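**Q** Could you have a look at this structure, given as structure tokens, before my questions?
The values are calculated or read from the model by the stated rules, or taken from the named source; none is laboratory data. The structure displayed is predicted, hence computed values, not measured ones. Glycine gets a Cβ as well: all are built from the backbone with ideal geometry, and neighbour counts include every protein chain shown.
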Amino acid sequence: MAPTKRTIYAAGWTCLLLAFFYAVLDWAGWRGWAFPIVVVGMNSIAMYVMADSPFQGFVRDSLRIHLGPHAFDWAHAISPIVQSAVVLLIMWLVCLWMYRRKIFLRI
């Protein structure tokens, strides 16, 4: 597939997904399942800063210190994925803490 066709193909799928989520969230009103995304969306700047700063390394190092250097070895081949998922969960919990206290970073 040529690069132009791939771009149009990806844009088409993106538009379909946007229309689907718009219909589900705004028209049908099914918002309960989207709460984790709302928490990140309200503090997207904070999540971006945490993901792109030394905070992510700090969380990984803290996990190694408190859980042990081999805490994720049980996962063998998917150990990096499990460790990244735990770091993401901790960053989401920070955003949840901010969301509940109505702390929102804005430009």
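**Q** Only one of these is surrounded by 12 or more Cβ atoms within 10 Å (Cβ to Cβ) and farther than 23 Å from residue 37 by Cα: 104, 58. Name it. Steps first, answer last, please.
**A** Working: 104 fails: farther than 23 Å from residue 37 by Cα.
Answer to the selection: 58.
**Q** With the requirement that a residue be touching a residue at least 60 places away in the same chain (Cβ under 8 Å) and charged (D, E, K, R), what does region 73-107 give you?
**A** Selection gives 106 alone.
**Q** Determine whether residue 84 is among the hydroxyl-bearing types (Ser, Thr, Tyr) and in a loop (DSSP other than H, G, I, E, B). Write out each step before concluding.
**A** Numbers: among the hydroxyl-bearing types (Ser, Thr, Tyr): yes; in a loop (DSSP other than H, G, I, E, B): no.
In short, no.
**Q** Moving on to the next point. Taking into account only those residues within region 17-54 that are part of a helix (DSSP H, G or I) and surrounded by fewer than 10 Cβ atoms within 10 Å (Cβ to Cβ), which is modelled with the highest pLDDT? If you could, list the steps in order and put the result at the bottom.
**A** Start the filter on region 17-54 by keeping residues that are part of a helix (DSSP H, G or I), which leaves 17-27, 32-42, 44-51.
From what is left, the residues that are surrounded by fewer than 10 Cβ atoms within 10 Å (Cβ to Cβ) are 27, 32-33.
Working: 27: 88, 32: 84, 33: 85.
Out of the qualifying residues, it is 27.
**Q** Check residue 74 against each of (1) at positive phi; (2) assigned to a helix (DSSP H, G or I) and name the one condition it does not meet.
**A** (1)
**Q** Under 8 Å by Cβ, and 6 or more places apart or on different chains, what pairs join a residue from region 24-48 that is small (Gly, Ala, Ser) with one that is in a helix (DSSP H, G or I)?
**A** Once the first residue is small (Gly, Ala, Ser) and sits in region 24-48, its partners that are in a helix (DSSP H, G or I) give 34/25; 46/94; 46/95; 46/98.
**Q** Determine whether residue 52 is among the acidic types (Asp, Glu) and more than 17 Å from the chain's Cα centre (by Cα). Step through it out loud before you land on a result.
**A** On the way: among the acidic types (Asp, Glu): yes; more than 17 Å from the chain's Cα centre (by Cα): no.
Criteria not met by residue 52.
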